[in-house]
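Below you'll find the structure, written out as structure tokens, and then a few comments.
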Amino acid sequence: MGRALLEAVLHSADLRLAAALEQPGNANLGKDAGELVGAPCGVAINADIEKSLAGCQALIDFTRPEGTLAHLAACRKLGVKMVIGTTGFSDGQKKTIADAARDIAIVMAPNMSVGTNLVFKLSEQAARVLNEGYDIEIIEAHHRHKVDAPSGTALHIGDIIAKALGRNLAACAVYGREGVTGERKASTIGFAAIRGGDIVGDHTVMFAGTGERVEITVKAGSRATYAQGALRAARFLAGRKHGLFDMQDVLGLR
């Protein structure tokens, strides 16, 4: 994702790369960030968060929860806006981010893809229409290196559907099935996670009724789609001093 973001920013007509961050000890520290994507730009990869953010207006963060929170603290201190594409946050960590949004503007979304965010909206609309007689299953597939399951995107789709139906996802979610599970309960929302190869990210929402099945699917063929969405989020933050937003706000889908 880091390379996809570098390439997107360096080929953007209206955005400029001001810094590139890596973990201490990474082999790329000190290198020209642009060289990683074949476009030298004069910006060296750095591990010093505050030093790197000194000339930035916004930080795009696709890391791990612990790294994001460290970056968040520095951004809040320096007044730098954030685009957060990291997933896997605990409720307490989400509260920390929401609290920081009182001081800085933040776009946080489990998926930055424009197409996927349209699927969020379509899933909500479908749930309201297919609210009786349809069983809901969410299937996602990602590359072998992804560390969390189900994906943040799948969980977000489930949460959107649950709220549209007046349910609590924590109470009605079923994660995988094995053995003698008994008959499916009508109120449940099922999740299945596939991990393999270099699958960038596939998500399908299935509404299975009697005599028909409605499926909403989005498949990412490249991480470039997430990078372009993140740039749209960064542009959205221009002129906003504080507040917590998501891609539905960025795309005007509220």
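The values are calculated or read from the model by the stated rules, or taken from the named source; none is laboratory data. Here the structure is a predicted model, which means the values were calculated and not measured. Glycine also receives a Cβ, built like all others from the backbone with ideal geometry; neighbour counts cover every protein chain displayed.
Answer yes or no as to whether residue 53 is surrounded by 15 or more Cβ atoms within 10 Å (Cβ to Cβ) and free of Cβ contacts under 8 Å to residues at least 40 places away in the same chain. Considered against the rule, which asks whether it is surrounded by 15 or more Cβ atoms within 10 Å (Cβ to Cβ) and free of Cβ contacts under 8 Å to residues at least 40 places away in the same chain, residue 53 comes out as yes.
Across the stretch 153-182, which residue is surrounded by the fewest Cβ atoms within 10 Å (Cβ to Cβ) among those that are among the aliphatic types (A, V, I, L, M) and in contact (Cβ under 8 Å) with a residue 24 or more places away in the chain? Here the residue is 164. Taken together, the residues in the stretch 154-166 that are in contact with a strand residue (DSSP E or B) (Cβ under 9 Å, 6 or more places away or on another chain) and either small (Gly, Ala, Ser) or not in a helix (DSSP H, G or I) (or both) amount to 4. Being touching a strand residue (DSSP E or B) at 6+ places or on another chain (Cβ under 9 Å) and within 23 Å of residue 244 (Cβ to Cβ) holds for only one residue in 34, 85, 30, and it is 85.
With respect to residue 115, is the statement that it is closer than 25 Å to residue 240 by Cα and either within 14 Å of the chain's Cα centre (by Cα) or not assigned by TED's automatic domain parsing to the domain that holds residue 237 (or both) true? Criteria met by residue 115.
The criterion of at least 3 residues that are over 24 Å from residue 189 (Cβ atoms) is met, among strands (runs of 3 or more DSSP E) falling completely within the stretch 38-153, by 58-61, 81-84, 105-108.
Is it the case that some residue within the stretch 137-153 is within 15 Å of residue 208 (Cβ to Cβ) and among the charged types (D, E, K, R)? So far as the stretch 137-153 goes, yes, one or more of its residues are within 15 Å of residue 208 (Cβ to Cβ) and among the charged types (D, E, K, R).
The one condition from (1) within 21 Å of residue 63 (Cα to Cα); (2) small (Gly, Ala, Ser); (3) within 15 Å of the chain's Cα centre (by Cα); (4) not assigned by TED's automatic domain parsing to the domain that holds residue 100 that residue 229 does not meet is (4). From the set of residues in the stretch 221-254 that are out of contact with any helix residue (DSSP H, G or I) (no Cβ under 7 Å at 6 or more places or on another chain), small (Gly, Ala, Ser) and under 17 Å from residue 118 (Cβ atoms), which is surrounded by the most Cβ atoms within 10 Å (Cβ to Cβ)? Only one residue fits best here, namely 221. Here the condition is being touching a residue at least 12 places away in the same chain (Cβ under 8 Å), outside the structural domain of residue 201 (by TED's automatic domain parsing) and surrounded by fewer than 16 Cβ atoms within 10 Å (Cβ to Cβ); of 92, 79, 85, 34, it holds for 79 alone.
The single condition from (1) assigned to a strand (DSSP E or B); (2) in contact with an Asp or Glu (Cβ under 8 Å, 6 or more places away or on another chain); (3) not aromatic (Phe, Trp, Tyr) that residue 174 fails is (2). Scoring residue 218 on the criteria (1) of a type outside the set (Ser, Thr, Tyr); (2) crowded, with 18+ Cβ neighbours inside 10 Å; (3) in contact with a helix residue (DSSP H, G or I) (Cβ under 6 Å, 6 or more places away or on another chain); (4) not in a strand (DSSP E or B) leaves a single failure, condition (4).
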